[in-house]
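Take a look at the structure below.
The values are calculated or read from the model by the stated rules, or taken from the named source; none is laboratory data. Keep in mind it's a predicted model, so treat the numbers as computed, not measured. Don't worry about glycine lacking a Cβ; one is built from the backbone with ideal geometry, like all the others, and counts go over all protein chains shown. Each accessible area value is taken on the protein alone, full model and side chains, heavy atoms only, with ligands, DNA and RNA left out. Shrake-Rupley method; radii C 1.70, N 1.55, O 1.52, S 1.80 Å.
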Amino acid sequence: MMLTSSFRGVAGIVLAAAMLAGCATAYGPRGLTGGYTDAKLADDLYRVTFSGNGKTSRDMVWHYWIYRCAELTQQQGYSHFIILKPSDPVPKPVAPPMTNTSWQSDPLDGNDPLARLTPTATHAAPIYIYTPGTPIITYSGNAVVKMLRKPAEYPGQAVLSAEVVLRLIGPYVKSAGQSPAPPEQDVIKSALVFTPLPAAQQRRNGQVTIDDLKNLLPTP
């Protein structure tokens, strides 16, 4: 029995899909095994999603996802970004303080409150897909990303440096997960640039707390 060209084409696609199903999701735009998607909401606002398949770990999805957030930020001409929860309003820039009060986490500082940060949040929540015989667990990370150039204009916000994220996670992404992945907490601590609120607003609104920063980390 001879295969027609159209049937051979379909068979080839099915075979390729079956072979890809045995591999972890590669970093890149979404395809048969997953990947990232970018939805533009405004010039400086995007929803970034990274979806993995059943062979892609939670940690790999998180690293690929936040790497894409940083990569897209630089591609759009910005240097920093803020990860927004679904319920968060989009922050607006304000006049920066007269003095440079921006603060960056120092992992060598024993009094650094971020040294006690623990991952408890939900940006890589599992999705359960049922197939006959066995459930397959896949992970997907997504959030709205606010891009910016001047962190000091966003006091009270957990602003991340795109350059630091790309530098720390780049070897892991470019090696397709063969190089060691930096711990999520270290990525956030190293990339964080924080400008405190003015004293009056701190009393009225409260400081950004460790709990506020936990939303940047995936569920253990």
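Just one residue in the set ALA152, ALA115 is farther than 29 Å from GLY34 by Cα, part of a helix (DSSP H, G or I), hydrophobic (A, V, I, L, M, F, W, C) and modelled with pLDDT under 90; that residue is ALA115.
Look at the range 43-62: where a residue is over 16 Å from VAL173 (Cα atoms) and open to solvent by 20 Å² or more (accessible area, probe 1.4 Å) and a partner is assigned to a loop (DSSP other than H, G, I, E, B) and of a type in the set (Phe, Trp, Tyr), sitting 6+ places away or on another chain with Cβ atoms under 8 Å, you get ASP44/TYR78. For the range 48-75, a tally of residues being among the polar types (S, T, N, Q) and in contact with a Lys or Arg (Cβ under 9 Å, 6 or more places away or on another chain) returns 2. Residues in the range 64-91 that are at negative phi, of a type outside the set (S, T, N, Q) and assigned to a loop (DSSP other than H, G, I, E, B) were compared, and the one that is modelled with the highest pLDDT is TYR78.
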